[in-house]
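Asks: Structure provided below as structure tokens; questions to follow.
What follows draws every value from the coordinates through simple rules; no lab data is involved. Keep in mind the model is a prediction, meaning the values are calculated, not measured. A quick note on method: Cβ atoms are made from the backbone with ideal geometry, for glycine too, and the neighbour counts reach across all protein chains shown.
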Amino acid sequence: MVLKRMDNIGIVVEDLDVAIDFFRELGLDLEGRATIEGEWAGRVTGLGDQHVEIAMMRTPDGHSRLELSRFIRPAVIADHRNAPVNALGYLRAMFTVDDIDDTLTRLHRCGVELVGAVVRYQDVYKLCYIRGPEGLLIGLAEELG
């Protein structure tokens, strides 16, 4: 058996519209929105009867997706949004951008905060971490030369 691909990464948010706007500004396209509810969905997640509003965001190359979810029921029971970079579990999603400085300028309007500094890794990448809406940790990379 061979792995075919990674379909998506899921992030749970409180405000779906704000998250969609942020990821659109970053450069992802909204592929679609849907409501998922009922016992069948709860069997997959182990949460029982659930009601979730989702938005599927697609990268410009069409190969990767980000699923944003807002749980209506059951209620969210844990909050890891402000966990430091060395916390166990979900860490961050990393996106490659054309121009890190321009991207940071655009995202600043969305309330983005730079976590540390923009740094160069040899002559290969410029890298940084940002906190997006709701404290989500996002990595940005710009390929150099």
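Asks: Please identify the chymotrypsin sites (Phe, Trp or Tyr not before Pro) of the range 87-145 that satisfy two criteria: DSSP loop assignment and at most 15 other Cβ atoms within 10 Å. Which are they?
Replies: Tyr90
Asks: Continuing with this model, one more query. What angle, in degrees between 0 and 90 and rounded to the nearest 10, separates the Cα long axis of helix 16-26 from the longest principal axis of the Cα atoms of the chain?
Replies: With rounding to tens, the tilt is 30 degrees.
Asks: Sequence-distant or interchain residues sharing an amide H contact under 5 Å with Glu31, placed H: which?
Replies: Amide H to amide H, under 5 Å and 5 or more residues apart or across chains, Glu31 pairs with Met56, Met57, Arg58.
Asks: Per 0.36 nm of contour for each residue apart, how much would the distance between Leu88 and Ala117 grow if the chain were fully extended, relative to their Cα-Cα spacing?
Replies: 8.2 nm
Asks: Continuing with this model, one more query. Considering amide H positions built from the backbone, and no H for Pro or chain starts, which residues 5 or more places from Val115, or on another chain, come under 5 Å of its amide H?
Replies: Here the answer is Tyr129, Ile130, Arg131, since their amide H atoms fall under 5 Å of that of Val115.
Asks: Each label point is 7 Å from the Cα along the Cα-to-Cβ direction; what then is the distance between the points at Leu16 and Val124, in nm?
Replies: A separation of 3.9 nm, rounded to one decimal place.
Asks: Oh, and also: In a Debye calculation with equal point scatterers on the alpha-carbon sites of the range 93-143 and no solvent, what is log10 I(q)/I(0) at q = 0.21, 0.24 Å⁻¹?
Replies: Each listed q maps to, in turn, -0.67, -0.86.
Asks: Right, something else. In the P(r) worked out for the range 9-73, what percent of Cα pairs fall beyond 13 Å?
Replies: The answer is 62 percent, as a whole percent.
Asks: Okay, helix-only estimate at 222 nm for the chain: each DSSP H run of n ≥ 4 adds -39500 (n - 2.57), divide by all residues, round to 500 deg cm²/dmol; what do you get?
Replies: Calculated at 222 nm, the ellipticity per residue is -5500 deg cm²/dmol.
Asks: Also: What size of dipole, in debye to the nearest 20, comes out for the chain about its Cα centre when the only charges are +1 on Lys and Arg C-beta atoms and -1 on Asp and Glu C-beta atoms?
Replies: 360
Asks: Right, another one. Over the C-alpha atoms of the range 53-98, what are the Rg and the largest Cα-to-Cα span, Dmax, in Å?
Replies: 13.7, 39
Asks: Just flag the trypsin sites (Lys or Arg not before Pro) in the range 1-68 sitting in loop per DSSP whose Cβ has no more than 14 other Cβ atoms within 10 Å.
Replies: Sparse-neighbourhood loop trypsin sites (Lys or Arg not before Pro): Lys4, Arg5.
Asks: Right, another one. Would you mind calculating the gained length between Val76 and His108 on full extension (0.36 nm times residue separation, minus the Cα-Cα distance), in nm to one decimal?
Replies: 8.7 nm
Asks: Under the Karplus relation 6.51 cos²θ - 1.76 cosθ + 1.60, θ = phi - 60°, what is the ordered set of whole-Hz ³J(HN,Hα) values for the range 69-75, x standing for Gly and Pro?
Replies: Computed from phi, the couplings for the range 69-75 are 10, 10, 7, 8, 8, x, 5 Hz.
Asks: Counting only C-alpha contacts under 8 Å and six or more residues apart, can you give the relative contact order of the chain as a whole percent?
Replies: 21
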